[in-house]
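Working notes, structure below.
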Amino acid sequence: MSKALPLKIAPEVLFWARNSAGLSVEDCARSIGVDEVKVKRWEKGIETPSYVQLENLAYKAYKRPLAILFLSRPPKEKPIDQDFRNLSSREIKNLSSELKLVIRKARHLQNLVRDLHKDEKERPPYLNFNVTLRDNPVSAAARFRNFIGLTIEEQSKWKVDYAFNNFREMVEGLGIYVFQLDMPFEEARAFSLTDDFPLVILNLKDAKNGRIFSLFHEVCHILFNSGGIFRDKESKNLSGRYKDIEDFCNQFAASFLIPEEVFKHDINFNIQSQKEWSEEDLEKFARKYKVSKEVILRKLVDLRLATKSFYFSKKGKWNAELFGRKQALLKKVKEEGRKVIISPADTVYREKGKKFINDVMSGVEKGILTYSEIADYLDVKLDHLPKIIQRIQA
């Protein structure tokens, strides 16, 4: 019986793959069930992992194609800090492996979009809207509502369950792709990537109304051509232009979703001096504007009708309640032995969105993609395709 030829693996590629995934030696070893010393010896070139061990490293630890570990040198990848200038070098370094994986997936999606449109010269509509830091964010938000043709009458008539999808389709109509992925909530509520084909990534762990605010916060970043990670807590190291942009995007998103003059009329602004608001009042306004109570309260802070301490106390309470509800639901499902099953078609629609799916199907019609490539672009088996098409046509 012939002996298997030894594998040629560059130790620097193994070192790069682990570090780019944000994993410590201990994390890597634990994920594939080997000793830490073994991983260190591989990365120093003293030993070479077996083929099975390479498969485990690629798929279980690094979440990368196996072929990448056979490269002779680490591939060139754009550093994360080039996309997220609103984070310090320390914050970039401390990003979790889970968030780094989502960022990598987002960049992959952006490359797929670029491939689908590589021969097109059409100018996306969002580029026709200009905004600078010299603008007033409230006025800029009003101009943007006029730009996309959204009236408060139309917005207030939407059913709450449909509001997010309506906003998403409006944004995608401007040439901005909107994806939804799971990521650590404490690290990111959303983030955006700029370039010729900008995209927004929203956190599926966030409440749907919370995602609406995050969406327009990130749209504002794209209008500035300055991608960022949106968190509950602003970076303490943020300063200069990037802090100004972050503050602008917060005010822009709140003013876009809650037009100031209409809101002032709703709350009797000229005779109002209230600093604390009841849950009932906040809920009433949230329903009208199709946003979260947090966004309503943020707007009241901007108008100096609520204090920041009141805002943060309420925000902490609501986040705890949201976490508690999710934990209770998970416990109930576990106790009842049920599984929450979302169909592949619904999963693709929720994560990828109508615009991306339509682009993929259009790519097939134009001969850019084959049917077998659809599965790779949508990350789904081909036999689910009829239901996906049915879903986007509904």
* Qualifying positions in region 120-129 - under 15 Å from Cys220 (Cα atoms) and touching a residue at least 24 places away in the same chain (Cβ under 8 Å) -> Pro125, Tyr126, Leu127, Phe129
* First in region 238-258 and under 16 Å from Phe191 (Cα atoms), second anywhere and aromatic (Phe, Trp, Tyr), Cβ under 6 Å, 6 or more apart -> Ile245/Phe224; Ala253/Phe213; Ala253/Phe216
* List every residue pair whose Cβ atoms lie under 7 Å apart, where the two residues are 6 or more positions apart in sequence or sit on different chains, the first residue falls within region 149-162 and is β-branched (Val, Ile, Thr), and the second residue, located anywhere, is not in a loop (DSSP other than H, G, I, E, B). => Ile152/Val262; Val160/Arg287
* Selection count, region 42-92, where residues are more than 15 Å from Asn19 (Cα to Cα) and aliphatic (A, V, I, L, M) -> 7
* Structure fact -> Only one of Arg325, Arg391 is within 19 Å of Leu204 (Cβ to Cβ), in contact with a helix residue (DSSP H, G or I) (Cβ under 7 Å, 6 or more places away or on another chain), modelled with pLDDT under 90 and not hydroxyl-bearing (Ser, Thr, Tyr), namely Arg391
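Listed here are the residues, each with its yes/no results for (1) among the basic types (Lys, Arg); (2) in contact with a His (Cβ under 9 Å, 6 or more places away or on another chain); (3) closer than 27 Å to Asp81 by Cα.
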site: Asp115; (1), (2), (3): no, no, yes
site: Leu150; (1), (2), (3): no, no, no
site: Glu154; (1), (2), (3): no, no, no
site: Glu186; (1), (2), (3): no, no, yes
site: Arg189; (1), (2), (3): yes, yes, yes
site: Val200; (1), (2), (3): no, yes, yes
* Right, Lys288: surrounded by 14 or more Cβ atoms within 10 Å (Cβ to Cβ), assigned to a helix (DSSP H, G or I) and under 26 Å from the mean Cα position of the chain (by Cα) or not? -> yes
* Structure fact -> When region 111-137 is checked residue by residue, the ones that are over 22 Å from the mean Cα position of the chain (by Cα), surrounded by fewer than 17 Cβ atoms within 10 Å (Cβ to Cβ) and not in a loop (DSSP other than H, G, I, E, B) are Asn128
* Residue check, Glu218 surrounded by 24 or more Cβ atoms within 10 Å (Cβ to Cβ), out of contact with any His (no Cβ under 6 Å at 6 or more places or on another chain) and either of a type outside the set (Phe, Trp, Tyr) or closer than 16 Å to Pro125 by Cα (or both) -> yes
* Report, by residue number, each residue of region 336-369 that is at pLDDT 85 or above, over 19 Å from His108 (Cα atoms) and not in a helix (DSSP H, G or I). => Ser343, Lys366, Gly367
* Subset of region 291-322 (residues that are among the polar types (S, T, N, Q), assigned to a helix (DSSP H, G or I) and touching a residue at least 60 places away in the same chain (Cβ under 8 Å)) -> Asn319
* In the set Glu55, Glu91, which member is more than 29 Å from Glu187 (Cα to Cα) and not in a loop (DSSP other than H, G, I, E, B)? -> Glu55
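Just to verify a result, which residue in region 370-394, among those that are part of a loop (DSSP other than H, G, I, E, B) and under 25 Å from the mean Cα position of the chain (by Cα), is surrounded by the fewest Cβ atoms within 10 Å (Cβ to Cβ)?
The extreme case among them is Ala394.
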* Structure fact -> Ile80: passes all of (1) of a type in the set (A, V, I, L, M); (2) in contact (Cβ under 8 Å) with a residue 24 or more places away in the chain; (3) in contact with a helix residue (DSSP H, G or I) (Cβ under 6 Å, 6 or more places away or on another chain); (4) under 30 Å from Thr194 (Cβ atoms) but (2)
* **Which numbered condition Leu204 misses (of (1) on the phi < 0 side of the Ramachandran plot; (2) without any contact (Cβ under 8 Å) to a residue 60 or more places away in the chain)** => (2)
* Within region 35-56, how many residues are loosely packed, with under 13 Cβ neighbours inside 10 Å and without any contact (Cβ under 8 Å) to a residue 12 or more places away in the chain? -> 4
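Listed here are the residues, each with its yes/no results for (1) surrounded by 11 or more Cβ atoms within 10 Å (Cβ to Cβ); (2) in the same structural domain as Leu199 (by TED's automatic domain parsing); (3) of a type outside the set (Phe, Trp, Tyr).
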| residue | (1), (2), (3) |
| --- | --- |
| Asn19 | yes, no, yes |
| Asp27 | yes, no, yes |
| Ile32 | yes, no, yes |
| Ala58 | yes, no, yes |
| Tyr62 | yes, no, no |
| Asp83 | yes, no, yes |
| Asn94 | yes, yes, yes |
| Leu109 | yes, yes, yes |
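Can you tell me which residue in region 291-316 is nearest to Trp158 (Cα to Cα), limited to those that are charged (D, E, K, R) and under 24 Å from the mean Cα position of the chain (by Cα)?
Among those that are charged (D, E, K, R) and under 24 Å from the mean Cα position of the chain (by Cα), it is Lys293.
The values are calculated or read from the model by the stated rules, or taken from the named source; none is laboratory data. Model, not experiment: these values are computed from the prediction. Here the Cβ is made from the backbone with ideal geometry for all residues, glycine too, and neighbour counts use every protein chain on show.
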